[in-house]
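The values are calculated or read from the model by the stated rules, or taken from the named source; none is laboratory data. Here the structure is a predicted model, which means the values were calculated and not measured. Methodologically, a virtual Cβ is constructed for each residue, glycine included, from the backbone with ideal geometry; neighbour enumeration extends over all protein chains shown. The protein model used for the area step is the full one, side chains on, heavy atoms only, and it has no ligands, DNA or RNA in it. Shrake-Rupley method; radii C 1.70, N 1.55, O 1.52, S 1.80 Å.
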Amino acid sequence: SALFVAVASHGVYGVNYCATSADGITWTQRAMPTLMNYTSVATNGTSFVAVGMTSANAVTTAAAYSADGITWAAATMATSQFWYAVSYGGGRYVAVGSTAAASNINYDADGAGTWTAGATLTFTTYRGLAYNGTIWVAVSGISTGSQYKADPTSGAFTAGGALPNIYSRGIAWD
């Protein structure tokens, strides 16, 4: 798509827009389908998905999908969560979210329509998600920094080991 897409949030009111830029300098505001606090956006090279939480900072099944980053439509997650991260790899979008009781993974091949529920994770604060071509890794925002890894075909997450006592907020693979 050759386009930067930035999502936004406003802790009190939420937002119903994102911003796009072809050069990273000049930005254009774009309408989003739902008033939310958007926390993450991902692309597969031909489409985009954005996730977050309600404008009142509550759990939600709402998400957004775009074929071009400019025109957005509503998508529906399989479980109601605070959605913190979305990424693409292995032929699917994967999102991680949390509630007070558990964290859930949802996945979808194209990001449009209704997503599928995946694994339920032990901890409740997953904030980051990455794929290295073989496995997915989700990192937690708790002080023990636990991580989980997944089989990309089954979506089943298993314990991966503890990170060095940090509050993880993101992860990347290169």
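Would you check if there is a residue in the stretch 13-28 being closer than 29 Å to GLY133 by Cβ, modelled with pLDDT under 95 and not in a loop (DSSP other than H, G, I, E, B)? Checking the stretch 13-28: at least one residue is closer than 29 Å to GLY133 by Cβ, modelled with pLDDT under 95 and not in a loop (DSSP other than H, G, I, E, B).
If the requirement is being over 20 Å from GLY97 (Cα atoms) and either in contact with a Gly (Cβ under 6 Å, 6 or more places away or on another chain) or open to solvent by less than 40 Å² (accessible area, probe 1.4 Å) (or both), which of these qualifies: VAL15, VAL5?
Values: VAL15 fails: over 20 Å from GLY97 (Cα atoms).
Only one candidate passes the filter, namely VAL5.
Among the residues of the stretch 80-128, just one is among the polar types (S, T, N, Q), in a strand (DSSP E or B), under 21 Å from ALA56 (Cβ atoms) and open to solvent by 30 Å² or more (accessible area, probe 1.4 Å), namely SER80.
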